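Report on one structure; see the data block that follows.
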């Protein structure tokens, strides 16, 4: 039976494996290849409470895994990652180092101590994928050892969804090696396993929208998610005439001494949005009105009537006093600092408008695809610009570099096929999402190069897309099949040969 054709997106990984695998993999034996793309945060947030909306795009840069079961109990792992994710690392061990004799993984405390003592703390990133799958009943216990090579084609800089891509790709590799059939893979469950594992093992919060995009994003589509107990997803085709660029301008908002860093700032924004919603719902209950499950459930016109119920700011101690007897808010109360002051109304207003901007953007792109009237693309770009303005004015996320590139994009505008832009990731990185005409992709690269020269900063532009790991992901086969042995020449029986010799002699 012929080997299945290797998908084009795996060709660079196959070339790397032929040069880097060494003794880790036998390329003339069956193995599994998995991949998961990075993602661009387009619109949405902060937070993913039920009723809110988000919009993301899978990028044509992925994290790849190759995994091959062994005949013994050894485990060999080789990571080839960007410097921001740890660089090149290797670990050799045994199945018994990770799993107990009865089957389940060893306890998290034991694994932490084991890898700390051997100087391989980075292995906990793989433990996160493994335990996340295990906790969600998606992973069998390996019966034999395995060899694994992990490679990232994502840019060195953060902001491209590298944590989610790493988690999804490695999770799919673990599922493949333990014999779970591809048809049994639930992309939403894989995404949730990655989120769960990162939180439990690494104490890192990866937004579900990131892992869903890496697992289930589609090529040339945006992924529109309406969050809830079961997220509702819609793939929004990008019209052939437009593109979305992920532009890393290397301009993370600066952190002054005593201020919060990018990740802590994002968590604080989510906390303030939750605190504001708790106050609003508390006031609505007093009037015997139905509470809201998330800010995305509040229409902008409705917010105009309700915003007076949410204070502009509140001391942590005052908020805690309001909810001291509320069991429903006990978990949130553990995050509130009584000595801090929190801005509520502006963050709530941003949250209301942001979910609405997601839905308007999706509607405008759909109308543009249907009618090819450029006015709809202009309006979609305005949604990005409005979001960036709100991030700057209400949330306080901005830098001189962001303002500079926003001014350049607006100056070029519709005439040069540049419709709008927004800082992605709530300032956790210097990546911006830019909506352009398909013919203007090179102009976007030129603009980024101008920015690099002007600000002496690195730039990186990605405009192509890729299928998510669960949709495109697994390839099973042999990379370098052995050449079949040539058929042996048939030898004639000795008696037959003798008879020919006698007849020849008589002749």
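Answer with yes or no whether residue 167 is assigned by TED's automatic domain parsing to the domain that holds residue 66, modelled with pLDDT under 90 and crowded, with 24+ Cβ neighbours inside 10 Å.
Here the answer is no, as residue 167 does not meet what is asked.
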Being modelled with pLDDT of 90 or more and surrounded by fewer than 16 Cβ atoms within 10 Å (Cβ to Cβ), is that true of even one residue in the range 421-435? no
For the range 266-286, state whether one or more residues are without any contact (Cβ under 8 Å) to a residue 12 or more places away in the chain and exposed (fewer than 13 other Cβ atoms within 10 Å of the Cβ). yes
Go through the range 96-105 residue by residue and tally those that are out of contact with any strand residue (DSSP E or B) (no Cβ under 6 Å at 6 or more places or on another chain) and either in contact (Cβ under 8 Å) with a residue 40 or more places away in the chain or loosely packed, with under 15 Cβ neighbours inside 10 Å (or both). 6
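Yes/no matrix, rows are residues, columns are (1) in a strand (DSSP E or B); (2) in contact with a helix residue (DSSP H, G or I) (Cβ under 8 Å, 6 or more places away or on another chain):
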residue	(1), (2)
25	no, yes
29	no, no
54	yes, yes
75	yes, yes
Is it true that some residue in the range 295-302 is free of Cβ contacts under 8 Å to residues at least 60 places away in the same chain, part of a helix (DSSP H, G or I), more than 22 Å from residue 355 (Cα to Cα) and touching a helix residue (DSSP H, G or I) at 6+ places or on another chain (Cβ under 7 Å)? no
Taking residue 209, is it under 23 Å from residue 51 (Cα atoms) and outside any loop (DSSP other than H, G, I, E, B)? yes
Can you tell me which of (1) modelled with pLDDT under 95; (2) buried (at least 22 other Cβ atoms within 10 Å of the Cβ); (3) touching a strand residue (DSSP E or B) at 6+ places or on another chain (Cβ under 9 Å) is the one residue 384 doesn't meet? (1)
List every residue pair whose Cβ atoms sit under 8 Å apart, with the two residues 6 or more apart in sequence or on different chains, where the first one lies in the range 35-61 and is on the phi > 0 side of the Ramachandran plot and the second, anywhere, is in a strand (DSSP E or B). 44/53; 44/54; 44/55; 44/56; 44/225; 45/54; 51/226
Taking the range 56-65 and keeping residues crowded, with 24+ Cβ neighbours inside 10 Å and out of contact with any helix residue (DSSP H, G or I) (no Cβ under 6 Å at 6 or more places or on another chain) leaves 57, 59, 62
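The values are calculated or read from the model by the stated rules, or taken from the named source; none is laboratory data. As the structure is a prediction and not an experimental result, all values here were calculated from the model. Backbone-built Cβ (ideal geometry, glycine too); neighbour counts: all protein chains shown.
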